[in-house]
Amino acid sequence: MKKQEQLKNFSEEKFKRTFGVNRQTFQVMLSELEEQYRIAHKKGGRRPKLTVFDRLCIFFAYYRDYRTFEDIANDYNVATSTVFDVVSLVEDTLNKSGKFTLPKREELAKNPPELVVIDTTEVEIEQPKKGASNTIQVKRSVIQ
């Protein structure tokens, strides 16, 4: 619950920087996941270690921050396979809801967007210079 309380104090800008979506979209995603969880666990069962909120945060940690499953698993004290299962479940649930899917390729071909923005910032990559001074030569001992 600590994380949920911290997020309430976030400004809209900081919330969007953290998760990549605005607060309203996050709440809609959370309600979709809670509804799916309620339907799946109608008959009861063991209480999960991760709340629905934690699952959504794990999903965003993986896709927004490009963190590894191992790193996320260490933060939430769960197994790496659990993080994989959570990311897969959240992704499938949000796709099945139909509210968060991107348009299909055919739809984009029929109705192309009016404005497309592409970031073409050039970043210089340092490459090693070729030459004898940069190579390390090692003497090989003669094997007899």
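Using the Karplus curve 6.51 cos²θ - 1.76 cosθ + 1.60 with θ = phi - 60°, work out ³J(HN,Hα) for each residue of segment 83-94 in order, rounded to whole Hz, and write x for Gly and Pro.
Working through the residues one at a time gives 5, 4, 4, 5, 4, 5, 5, 5, 4, 5, 5, 5 Hz.
Considering only protein heavy atoms, what is the solvent-accessible area of Asp85 at a probe of 1.4 Å, reported in Å² to the nearest 10?
Answer for Asp85: close to 90 Å² accessible.
Using a Gaussian network model on the chain with a 10 Å cutoff between Cα atoms, which of Glu34, Glu13, Glu122 fluctuates the most?
Glu122
Less than 28 Å apart at the alpha-carbon level, and either on another chain or at least 8 residues along: which lysines does that give for Lys129?
Output for Lys129: Lys139.
Distance check, please: which entries in Lys16/Lys43; Lys14/Lys99; Lys43/Lys104; Lys8/Lys43; Lys42/Lys104; Lys2/Lys104 exceed 29 angstrom between their Cα atoms?
From Lys16/Lys43; Lys14/Lys99; Lys43/Lys104; Lys8/Lys43; Lys42/Lys104; Lys2/Lys104, over 29 Å: Lys16/Lys43; Lys43/Lys104; Lys8/Lys43; Lys42/Lys104; Lys2/Lys104.
Quick one: compute the contact order of the chain, relative version, from alpha carbon pairs under 8 angstrom and 6+ residues apart, as a percent.
17 percent
Taking 1 over the mean of 1/r across every pair of different Cα atoms in the chain, what Kirkwood radius in Å do you get?
One over the average 1/r among Cα pairs gives 19.6 Å for the chain.
Build a GNM of the chain with springs between Cα atoms under 10 Å: which of Ile125, Ile58, Ile39 gets the top mean-square fluctuation?
Ranking Ile125, Ile58, Ile39 by mean-square fluctuation puts Ile125 first.
Rounded to the nearest 20 Debye, what is the dipole magnitude of the chain about its Cα centre when Lys and Arg each give +1 and Asp and Glu each give -1 at the C-beta?
With only Lys, Arg, Asp and Glu charged at Cβ, the dipole is about 540 debye.
Just Lys130, Lys16, Lys49 to compare: in a GNM of the chain, with alpha carbon springs under 10 Å, which one fluctuates most?
Maximum fluctuation in the GNM of the chain, among the listed residues, is at Lys130.
The values are calculated or read from the model by the stated rules, or taken from the named source; none is laboratory data. Source: prediction; values computed, not measured. As a convention, Cβ positions derive from the backbone with ideal geometry for all residues, glycine included, and neighbour counts pool all protein chains shown. Side chains are part of the model used for accessible areas, which takes the heavy atoms of the whole protein and leaves out ligands, DNA and RNA. Shrake-Rupley method; radii C 1.70, N 1.55, O 1.52, S 1.80 Å.
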